Amino acid sequence: MVTAIVFVVGLVQGLLVVGAVVAFRGRRTLTTDGRPGRRRGALRIGLGLVAVAAVLGLLAVEAGWFYAVAQWDKVERVDVDVDGESVLEGGDGGTNYLLVGTDNREGVDGNRSDTIMVLRTGDGPARILSLPRDLLVPIVGREDQTPTLINSAYNDGPVALILTVEQSVGIPIDRYIEIGFDSFAGVVDAVGGVVIDFPNPAFDVKSGLDVKQAGPVELNGEQALAYVRSRTFTEVIDGTEVTDPTGDLGRVQRQQRFLRAVLSEAGSSRDPFALNDVGQALLGGIRVDNHMTLVDALRFAWSMGQLDPQPTTLPTVPAPSDPNRLVLQQPEADALIQDFST
């Protein structure tokens, strides 16, 4: 973005010279009685400025496109092909983007998909569905089909996670986008922080969250990361520490609240340097499926900019075998899955 801007500024200087030459030649046009043709000169000036603006616009678009292509080529790709065929559905209806937030910090065993969401676009208002990481489902590709935590599918690779969402949950996936949590911190800092409304002071010793006052609080990147990672979210209510009893469901709602705040900040920004910083922050921590094109990415970005993600979570109930785990609540879950499948 910055490179494109600098390039366009140089073009402006050159094109202004061209415009000045056109205007100068127009001013020297004479009428039949020897007086300068002012009307004709004014017309030439106007046409010259229109030509400059048109050429400038085309060159700016072209420069921006080439810059975008160059940046897109740097994005890491994930191979989602099995035996030469993509596991992505690619249906004719709406488009489902599987959004995966990963946490690969040092000291964390294995790779974890802490956040799993499906963004639906193309058949009405864009909408997001969150899949709780504690949801028990069979993991596609394993010999043991005993239902286990859905986020553990990521340990077997993105293909296993995609197939599990498609076959065990029933939601077809068209595109795969994976973002490391560390990238979220960079995005938040790039937009100057995000404001989260806290009903009460809150903390989480494990994630590092420490909010000492109630009300709207502007979080920087590090604080926002602690907020979305919090699994033992504890509020101080009338002097008493109360840990969120909803567990993973509460964490999903906080993640969606954070998502709305980030989208609001990024969507309202008109600073090209800040937006470039957002892109650079994502560039270092994003992976997409190997079939995703720049046009697909632009459609995704447009959808996110138009999105007002209400807290929509796949309906679940505590598992009979373990109240700390979740299973789909029927028939409510099927009705919502159908909305993301047709």
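The values are calculated or read from the model by the stated rules, or taken from the named source; none is laboratory data. Fair warning: this is a prediction, and the values are worked out from it, not measured in the lab. Backbone-built Cβ (ideal geometry, glycine too); neighbour counts: all protein chains shown.
Of the residues in the stretch 277-298, how many are at pLDDT 80 or above and under 11 Å from the mean Cα position of the chain (by Cα)? Within the stretch 277-298, residues that are at pLDDT 80 or above and under 11 Å from the mean Cα position of the chain (by Cα) number 2. A Cβ distance below 8 Å, combined with a sequence gap of six or more or placement on separate chains, defines the contacts here; from the stretch 241-259, residues that are surrounded by 17 or more Cβ atoms within 10 Å (Cβ to Cβ) reach residues that are outside any helix (DSSP H, G or I) and among the aromatic types (Phe, Trp, Tyr) in the pairs Asp244/Phe233; Arg251/Phe233; Arg254/Phe233.
Residues in the stretch 174-215 that are under 30 Å from Asp334 (Cβ atoms) and either outside the structural domain of Pro315 (by TED's automatic domain parsing) or not β-branched (Val, Ile, Thr) (or both): Asp174, Arg175, Tyr176, Glu178.
Scanning the stretch 140-174 for residues that are more than 28 Å from Gly122 (Cβ to Cβ) and assigned to a helix (DSSP H, G or I) yields Ser152, Asn155, Asp156. Within the stretch 187-220, the set of residues being outside any strand (DSSP E or B) and surrounded by 20 or more Cβ atoms within 10 Å (Cβ to Cβ) comprises Val187, Val188, Ala190, Val191. If you go through the stretch 239-252 and keep only what is at pLDDT below 80 and farther than 20 Å from Leu136 by Cβ, you end up with nothing.
Report yes if Ile177 is in a strand (DSSP E or B) and either in contact (Cβ under 8 Å) with a residue 60 or more places away in the chain or closer than 30 Å to Gly94 by Cβ (or both), otherwise no. So Ile177 fits the description; yes. Just to verify a result, which residue in the stretch 113-145, among those that are closer than 17 Å to Gln255 by Cβ and among the polar types (S, T, N, Q), is surrounded by the most Cβ atoms within 10 Å (Cβ to Cβ)? Here the answer is Thr115. Report whether or not Ala319 is at pLDDT 90 or above, more than 26 Å from Val87 (Cβ to Cβ), surrounded by fewer than 19 Cβ atoms within 10 Å (Cβ to Cβ) and of a type outside the set (Val, Ile, Thr). It is true that Ala319 is at pLDDT 90 or above, more than 26 Å from Val87 (Cβ to Cβ), surrounded by fewer than 19 Cβ atoms within 10 Å (Cβ to Cβ) and of a type outside the set (Val, Ile, Thr).
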